[in-house]
1. Quick one: 94, 295, fewest Cβ neighbours within 10 Å first, how do they rank?
2. Name the most mobile residue of 81, 32, 121, meaning the one with the largest mean-square fluctuation, in a Gaussian network model of the chain with Cα contacts below 10 Å.
3. Please give the Cα centre distance for the range 15-31 versus the range 227-262, rounded to the nearest Å.
4. Kindly flag which residue pairs out of 246/343; 153/267; 153/198; 271/335; 309/334; 153/206 have an alpha-carbon separation exceeding 32 Å in this structure.
5. With the cut-off at 20 Å, report for the range 1-127 the share of all Cα pairs above it, as a whole percent.
6. Can you give the helix-only mean residue ellipticity at 222 nm for the chain, where every DSSP H stretch with n ≥ 4 adds -39500 (n - 2.57) and the sum goes over all residues, rounded to the nearest 500 deg cm²/dmol?
7. Can you give me the Rg/Rh ratio for the range 269-342, using Cα atoms for both radii and the Kirkwood formula for Rh?
8. Determine, from the Cβ-Cβ distance of residue 8 and residue 287 and an R0 of 35 Å, the FRET efficiency 1/(1 + (r/R0)^6), rounded to the nearest 0.05.
Amino acid sequence: MVEFAGWSLPLQYMDSHIASHLHTRQHCSLFDVSHMLQTRVHGKDRIPFMESLVVGDIAELKENQGTLSLFTNESGGIIDDLIVNNTSEGHLYVVSNAGCAEKDSAHMKNRLLEFRAASRDVDLEDVDFALLALQGPSMARVLQAGLTDDLSKLTFMMGVTTSVFGIGGCRVTRCGYTGGGGGGISVPGDRAVELAEKLLQRPEVKLAGLAARDSLRLEAGLCLYGNDIDETTSPVEATLVWTLGKRRRAAMDFPGASVIVPQIKGKVSRKRVGITSTGPPIRQHTMILNTEGRVIGEVTSGCPSPSLKQNVAMGYVEPEYAKVGTALQLEVRKKLVDGVTSKMPFMPTKYYNAK
């Protein structure tokens, strides 16, 4: 067990980290991510409210569709990454990171006071539900056995409120943090253990902890807040420009737009890149050098990839070294090892789009 954002969470269960990682890629694993912050946003002004905080086009979301977005500050930094879902029940369902829970909650509540002072109709509700992530190629088959809804009609980032194995009021969303097939289940807290036990009755489902979650998300090229992005990082530097809604870019009406939008066609001092290497693992804070030996950046996340049998990492380098295939050197234990910038994700994604 390790301390994480004020919670005590398992690094791994009975299986080793590598066995758990590979089981998720080949079958299906259950992650308890109940530490994440879940919030409902109510009221007829809920969409303008959310768009006053994030970079995404929330107004364009279809019913029961979600999107990854970013809370940004006025200097263009990323306060947190989050998922915003436009539910058919007349509210937005928002999931953000446990490590930023207090900050995110205060950020939304401060904006809520501004909206209410302007007589806008919006309200926030903390969701006291557990959150389970069922990840891997067997997810749909496992979960479909407990649903009356047809899961095949639920494409990536779509969700539905339904009963799961007889437990009502659950919200099931096709999403995940592994880059593979997966889903999240928001379940009433007093029924979470019951649901987990029912899922674990299936032989292809095993529990997985933080270690596997981290290596899986890194293979998928997904950022971890606090490591790869933070309030000093802009979406352009982080190569997250795709999160900026086109309408929002044109209107420049999100926090930090005056800094972020000019960066898209202008210059930034660093860019997030993928890196692969052989030899000793490259970890967070490893220095990145060019082939002449000059420091040009730093690794923000890294590990040996259980799936690819090579080291994978992401970090920030000066823009001229960001092109895929650029030779690099990495300082590991005071020795230099060879590396190269790589396309991300490192593993092909398998998001379900019903094609």
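FYI, it's all coordinate maths here, none of it is from the lab. Predicted, not measured: the structure shown is a model, and the values here were computed from it. Here the Cβ positions follow ideal geometry from the backbone for every residue, glycine too, while neighbour counts run over all protein chains shown.
1. By the 10 Å Cβ count, ascending, the order reads 295, 94.
2. For the chain, modelled as a Gaussian network with Cα springs under 10 Å, the answer is 121.
3. 34 Å
4. Over 32 Å Cα-Cα: 153/267.
5. Numbers: 4174 of 8001 pairs.
More than 20 Å apart: 52 percent of the Cα pairs in the range 1-127.
6. Only helices count here, giving -6000 deg cm²/dmol.
7. On the way: Rg = 10.7 Å, Rh = 11.7 Å.
We get a ratio of 0.92 for the range 269-342.
8. After rounding to 0.05, the efficiency reads 0.60.
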